[in-house]
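A.B. asks: Supplied in structure tokens, the structure appears directly below.
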Amino acid sequence: MFSIFRRKKSGAGLEKADLVEKPQSGADPLESRLERTRASLGGLFGLIGRAGRIDDALLEDIETALLTADLGVAATSRIMDRLQAGVRSGVVGEPADVLPAVQAELYALVEPCEQFLAVDPSKRPFVILMVGVNGVGKTTTIGKLARRYLDDGLKVMLAAGDTFRAAAVEQLKTWGDRNGVPVMSQGQGADSAAVIFDALQSARARGVDVLIADTAGRLHTQDHLMAELSKIRRVMAKIDPEAPHEVMLVVDAGTGQNALVQAEQFNRAVQLTGITVTKLDGTARGGIVFAIAEKLGIPIRFIGVGERAIDLRPFDAGTFVHAVLPVE
């Protein structure tokens with residue numbers, strides 16, 4: 001079962017609850033894709049199995065296991081505070097109660113961030129502006145998103161707004177050719193805002209449903225590039241005051257707490273509306289999803305768990321939590 005605990009409506013501690021059915025997945029492939037993160041949290045099972053009672057030493061070991069999985073201090077502290085409140089109230093009365101209680105708190109952390117990115121047909125084209133640092137899989141994510149929307153029967157266009165990296169335009173064109181979608185581009189060093197402005201005009205003229213715009217990878221310390229994102233938004237607003245309709249940050253789960261720092265800084269600069277967490281299949285640091293949820297509460301739109309287009313999956317809180325901490 002998924003959990004035998006829930007938080008009280010008052011928000012104070014835990015109370016016993018009806019059994020909640022776990023996601024339909026005896027062999028959910030997500031579980032194998034998140035094997036490394038599950039292994040890092042799997043130490044909890046050994047801790048609980050050896051514990052004769054719930055004492056300070058056990059609670060301290062649980063806290064260490066959560067931090068090791070990269071949940072971060074804030075998310076770990078929240079879980080431990082709830083757990084200790086449950087112990088004091090007697091709701092978490094024996095070691096066997098601990099894992100379901102932790103699982104319930106993990107779910108409570110990320111469930112508010114489970115918000116599917118729905119393309120609004122009244123906003124045509126629906127513009128998705130992709131941002132992030134270099135190396136996180138941003139361009140690959142764009143290609144996978146294009147495939148997803150094509151499969152949904154939508155007309156898609158890509159804009160090659162990363163004009164700084166020499167191979168960026170060619171990489172995006174490769175994805176465009178693979179998916180059979182047009183890619184609007186100019187030469188290396190061209191003004192990124194101008195590229196995306198032209199793409200938006202063209203997308204409108206062609207009746208495109210979704211325009212996905214790439215941007216150059218940048219760090220928060222690169223003031224000129226961060227200012228460029230503001231410029232891109234301003235020029236798009238000349239055509240559509242509501243564009244972009246989604247500002248999606250792509251972060252690499254393997255970078256751990258650096259991903260949280262990136263999310264905080266990009267959010268301050270461009271007001272993010274969604275986050276995609278990539279490369280979760282190759283790291284034990286999947287706990288960063290919980291850290292981002294605790295700190296920012298921004299919708300987590302997709303998770304990347306492999307190389308195929310179908311491995312970019314809409315974020316489902318229950319399935320994710322059960323995959324990283326399966327409690328029967």
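The values are calculated or read from the model by the stated rules, or taken from the named source; none is laboratory data. Since the model is a prediction, treat every value here as computed from it, not as a measurement. All Cβ positions, glycine included, derive from the backbone under ideal geometry; neighbour counts span all protein chains shown.
A.B. asks: Taking into account only those residues within the stretch 292-322 that are among the acidic types (Asp, Glu) and in a loop (DSSP other than H, G, I, E, B), which is modelled with the highest pLDDT?
C.D. replies: The qualifying residue modelled with the highest pLDDT is ASP316.
A.B. asks: Among the residues of the stretch 191-246, count how many are assigned to a helix (DSSP H, G or I), at pLDDT 95 or above and not hydrophobic (A, V, I, L, M, F, W, C).
C.D. replies: Number of matching residues: 5.
A.B. asks: Here's a follow-up. For the stretch 91-129, give me the residue count where each residue is in contact with a strand residue (DSSP E or B) (Cβ under 7 Å, 6 or more places away or on another chain) and among the hydroxyl-bearing types (Ser, Thr, Tyr).
C.D. replies: Final tally of qualifying residues: 1.
A.B. asks: Now for a different question. Filter the stretch 145-185 for residues that are part of a loop (DSSP other than H, G, I, E, B), under 17 Å from GLY217 (Cα atoms) and in contact (Cβ under 8 Å) with a residue 12 or more places away in the chain and give the result.
C.D. replies: Selection gives ALA160, GLY161, ASP162, THR163, PHE164, ARG165, ALA166, SER185.
A.B. asks: Which residues, counting only those in the stretch 217-227, are surrounded by fewer than 20 Cβ atoms within 10 Å (Cβ to Cβ) and touching a helix residue (DSSP H, G or I) at 6+ places or on another chain (Cβ under 7 Å)?
C.D. replies: HIS220, MET226 - these are the residues of the stretch 217-227 that are surrounded by fewer than 20 Cβ atoms within 10 Å (Cβ to Cβ) and touching a helix residue (DSSP H, G or I) at 6+ places or on another chain (Cβ under 7 Å).
A.B. asks: In this structure, is VAL289 assigned to a strand (DSSP E or B), surrounded by 24 or more Cβ atoms within 10 Å (Cβ to Cβ) and either touching a residue at least 60 places away in the same chain (Cβ under 8 Å) or out of contact with any Gly (no Cβ under 6 Å at 6 or more places or on another chain) (or both)?
C.D. replies: So VAL289 does not fit the description; no.
A.B. asks: Still on this structure, I have one more. Would you say ASP191 is of a type in the set (Asp, Glu), in the same structural domain as GLU264 (by TED's automatic domain parsing), surrounded by 20 or more Cβ atoms within 10 Å (Cβ to Cβ) and out of contact with any Phe, Trp or Tyr (no Cβ under 6 Å at 6 or more places or on another chain)?
C.D. replies: The answer is no for ASP191.
A.B. asks: Restricting the search to the stretch 46-80, which residues are surrounded by 14 or more Cβ atoms within 10 Å (Cβ to Cβ) and either over 24 Å from ALA323 (Cβ atoms) or among the aromatic types (Phe, Trp, Tyr) (or both)?
C.D. replies: ALA51, ILE54, LEU58, LEU59 - these are the residues of the stretch 46-80 that are surrounded by 14 or more Cβ atoms within 10 Å (Cβ to Cβ) and either over 24 Å from ALA323 (Cβ atoms) or among the aromatic types (Phe, Trp, Tyr) (or both).
A.B. asks: I've got another one for you. What are the residue pairs meeting all of these: first residue in the stretch 122-137, first residue in the same structural domain as ALA227 (by TED's automatic domain parsing) and over 19 Å from ILE232 (Cα atoms), second residue crowded, with 18+ Cβ neighbours inside 10 Å and β-branched (Val, Ile, Thr), Cβ atoms under 8 Å, and 6 or more apart or on different chains?
C.D. replies: So the pair list comes out as VAL136/VAL250; VAL136/VAL251; VAL136/THR255; VAL136/THR278; GLY137/VAL250; GLY137/THR278.
A.B. asks: Then there is this: Answer with yes or no whether LEU249 is in contact with a strand residue (DSSP E or B) (Cβ under 7 Å, 6 or more places away or on another chain), within 20 Å of LEU229 (Cβ to Cβ) and either in a strand (DSSP E or B) or in contact (Cβ under 8 Å) with a residue 40 or more places away in the chain (or both).
C.D. replies: Against the criterion (in contact with a strand residue (DSSP E or B) (Cβ under 7 Å, 6 or more places away or on another chain), within 20 Å of LEU229 (Cβ to Cβ) and either in a strand (DSSP E or B) or in contact (Cβ under 8 Å) with a residue 40 or more places away in the chain (or both)), LEU249 qualifies.
A.B. asks: Now for a different question. Helices (runs of 4 or more DSSP H) wholly in the stretch 20-91 with at least 1 residues that are out of contact with any Pro (no Cβ under 6 Å at 6 or more places or on another chain) and modelled with pLDDT of 90 or more - which ones?
C.D. replies: 56-68, 72-89
A.B. asks: When the residues of the stretch 272-285 are narrowed to those that are modelled with pLDDT of 90 or more, in contact with a helix residue (DSSP H, G or I) (Cβ under 9 Å, 6 or more places away or on another chain) and not in a helix (DSSP H, G or I), which ends up farthest from GLY304 (Cα to Cα)?
C.D. replies: Among those that are modelled with pLDDT of 90 or more, in contact with a helix residue (DSSP H, G or I) (Cβ under 9 Å, 6 or more places away or on another chain) and not in a helix (DSSP H, G or I), it is LEU272.
A.B. asks: Answer with yes or no whether ALA118 is closer than 24 Å to ILE232 by Cβ, surrounded by fewer than 23 Cβ atoms within 10 Å (Cβ to Cβ), aliphatic (A, V, I, L, M) and outside the structural domain of PRO241 (by TED's automatic domain parsing).
C.D. replies: In short, yes.
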